[in-house]
Amino acid sequence: MAFLRTAVKFSVCRKFGLFDPLQNNLGKFGSNINLERIALKSTAASSTLVDNATNAVEKQQQQPPRDPLDTSFNDPKAAFKSKTNWELLRAYVVYTLCSIEYLVTHNMQLMKISRAILGEKLFVVLMKGTFYGHFVAGEDQFKIRPTLERLRSFGVKPILDYSVEEDLSQEEAEKREVESSVPEAGEEKVEGPLKQYHVDKTFADRRYKVQSARTYFYLNEATCERNMETFIQCLETIADFQQTSKGSTYGTGIAAVKLTALGRPQLLLQLSEVIMRAREYMAEIVGGTGNVLSHHVKVEDLEAKFDKIQDKESLKKFLTQVTADKQGVLHLFPWSGIIDDQNDLSTTFRVPDLKSGRMIRLITQLSPKEEEMFRNMIRRFNTIVKAAEEMDVRVMVDAEQTYFQPAITRITLEFMRKYNKQKAIVFNTYQCYLNNAFTEVSTDLEQAKRQDFYFGAKLVRGAYLEQERARAAAMDYPDPTNPNYEATTEMYHNTLSECLRRIKAFKQKGEDKKIAIMVASHNEDTVRFAIEKMKEYGIEPEDKVICFGQLFAMCDYITFPLGQSGYSSYKYIPYGPVNEVLPYLSRRAHENKGVLQKIKKEKRLLAREIFRRLATGQIIYKPKGNYVPI
Ligand SMILES: Cc1cc2nc3c(=O)[nH]c(=O)nc-3n(C[C@H](O)[C@H](O)[C@H](O)COP(=O)(O)OP(=O)(O)OC[C@H]3O[C@@H](n4cnc5c(N)ncnc54)[C@H](O)[C@@H]3O)c2cc1C
């Protein structure tokens, strides 16, 4: 009986190709030893090996499927397994239309004319059968559910992005932006010394030359409150999806958040300026570049520097707020104060001035109403993050224009410090087209390490390139972007390598998941680079510290093969009612024009898959996946 059992186990193992390790071991002893002889022996040792092999078979049978990954991303079958024939055809037609210059240029007017001619109902049918159906997941949190389920069954997870946008004319947008930058109660506007952080009417329409990002224009506090509720609805949708979908991977869904949606953007501009001035001040006081990595000054050294300051009481208060650790001063300012509703910005940023011997303010005076508006913005963001923590969903903060970015990064980092104690709940975004991206990411990684919180970040190339350059040139401040595309790619790859190097160091210390990075790019070379580097640094997809992200209906040939082969793979999922996402659709049409090479590849693969299915008689194809996202 023992012999029979062993023989059966061997044949099972063979069937599932599980003999390799055993055969390899045997190989060491000589190839003339055949498997049958080993099986006949049925010693205790071989029985153990076979039991292990049987367990492995059972384990493999239980495990969800994983496909091999073709890193040339040229496999149409893997790319479109999740799509019906109709969806492939629709995608092909939509991409073809997106390459017609006239249609792209006049798409918004054409959509409006079609609506007027066809009437509401027919127009909606037309849109759902074409652009909307292709680029948008559905109208609301219930209608997107089948799409989320389908993505999940093909190994892909969601980043939800409610894509309703106001259809503002350029004049209206400019008017709103300029109005929202006028100080409250008619006080005279005082701008700081850094030009980059001034409001300029020419660039008041922040959509200027921006295709791949949504823009919020401030109307009043009530609209910001509504935006907050929308973001929370996104979180609820993801939480509900995570809990009820079978085979779910709990705690991996993400909601995208824009800080400019949660308050008056002008306040972010002012905070950004104070952050940059504070850096200059820090550099002046401690030397180097004023960044936490570049000096090791202790608080005692500071006290000695400030001995000429007359207002000893204020100086004492200032010094007690300095953040330091064993390696030296981290921050001269209590940055955590900006997310503390007891603190006023105007009083927080008072510093000892070495020249005058007095305490001076780095921020222009804010009115009590503006202070309240700032606290409202922080409160809204806090409500979102708290809800995310309770629902075990992650929040990913989008990066925006450079004149907002220092504030957005600082606020997000403070929320990371507050909420990322056990895992990364809050994620920041870093734009690698900026010439300071590597330094920014390294500094923030270092702060996370020294202050012991989980660091989560999405790395992108950046969506506002042309606007950034045009604004810098027009307002006469240094261009913050890299000189060319190659420099941006180098910056991206260097920054990603630095993150991976640190992830490896944490892994070696047994501190897993202290850093989590999303490679958000449609660039195949960058995705391949990330995969190669992961291998080089011994980082497995199962470590769940590196994930990949692409937009819904963009580069499916990257997202799906990644998800199906066991990499952590995400799609940015836009949703919203047809008529309210028209501006989003319009932007996508324009954006597609700018990525013609990628669209060409997508179309080529779509055509190959359509022909393959027809040639193999798959006239009706029902996507059925049983993959489980990592
Ligand atoms: C999931 C996801 C989330 C995103 N979130 C954000 C976000 O929060 N904020 C944001 O700003 N963007 C965001 N983006 C957009 C992103 O920044 C890029 O605009 C877009 O993805 C194109 O870059 P790529 O790596 O995919 O492709 P590529 O085609 O390889 O790169 C194009 C990009 O390279 C850069 N570039 C092009 N020409 C030059 C040049 N001459 N000099 C210097 N740089 C150049 C530009 O950034 C341009 O967008 C997101 C993208 C994705 C997929």
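The values are calculated or read from the model by the stated rules, or taken from the named source; none is laboratory data. Quick caveat: nothing in here was measured; it's all calculated off a predicted structure. Glycine also receives a Cβ, built like all others from the backbone with ideal geometry; neighbour counts cover every protein chain displayed.
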Working only within the stretch 513-569, note down all residues that are without any contact (Cβ under 8 Å) to a residue 40 or more places away in the chain and among the polar types (S, T, N, Q).
Thr526, Gln550
Number of positions in the stretch 481-512 that are of a type in the set (Asp, Glu) and in contact (Cβ under 8 Å) with a residue 60 or more places away in the chain
1
If we scan the stretch 604-623, do we find a residue that is crowded, with 19+ Cβ neighbours inside 10 Å, within 16 Å of the ligand (Cβ to nearest atom) and under 21 Å from Lys81 (Cα atoms)?
no
Which ones in the stretch 446-471 are of a type in the set (Gly, Ala, Ser) and either out of contact with any helix residue (DSSP H, G or I) (no Cβ under 8 Å at 6 or more places or on another chain) or near the ligand (Cβ under 7 Å from one of its atoms) (or both)?
Gly462, Ala463
Within the stretch 472-496, track down each residue that is away from the ligand (no atom under 16 Å from the Cβ) and either of a type in the set (Ser, Thr, Tyr) or in contact with a Cys (Cβ under 8 Å, 6 or more places away or on another chain) (or both).
Tyr477
Looking only at residues that are of a type in the set (A, V, I, L, M) and crowded, with 24+ Cβ neighbours inside 10 Å in the stretch 559-580, which one is farthest from the ligand (Cβ to nearest atom)?
Leu562
With the condition kept exactly as written, say whether any residue in the stretch 151-164 is exposed (fewer than 14 other Cβ atoms within 10 Å of the Cβ) and not basic (Lys, Arg).
no
Condition test on Leu434, is it farther than 28 Å from Tyr162 by Cα, in contact (Cβ under 8 Å) with a residue 24 or more places away in the chain and hydrophobic (A, V, I, L, M, F, W, C)?
no
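One line per residue, one yes/no per condition, for (1) of a type in the set (D, E, K, R); (2) surrounded by fewer than 24 Cβ atoms within 10 Å (Cβ to Cβ); (3) in contact with a Cys (Cβ under 8 Å, 6 or more places away or on another chain); (4) modelled with pLDDT under 90:
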| position | (1), (2), (3), (4) |
| --- | --- |
| Ile360 | no, yes, no, yes |
| Thr364 | no, yes, no, yes |
| Pro368 | no, yes, no, yes |
| Arg375 | yes, yes, no, no |
| Val395 | no, no, no, no |
| Glu400 | yes, no, no, no |
| Tyr403 | no, no, no, no |
| Met416 | no, no, no, no |
| Tyr419 | no, yes, no, no |
Can you confirm whether Lys509 is modelled with pLDDT under 95, more than 16 Å from the ligand (Cβ to nearest atom) and farther than 24 Å from Thr402 by Cβ?
yes
Which is under 21 Å from Pro146 (Cα atoms), touching a Pro at 6+ places or on another chain (Cβ under 8 Å) and charged (D, E, K, R), of Lys624, Lys571?
Lys571
A careful count of residues in the stretch 537-558 that are under 15 Å from the mean Cα position of the chain (by Cα) and within 16 Å of the ligand (Cβ to nearest atom) gives 7
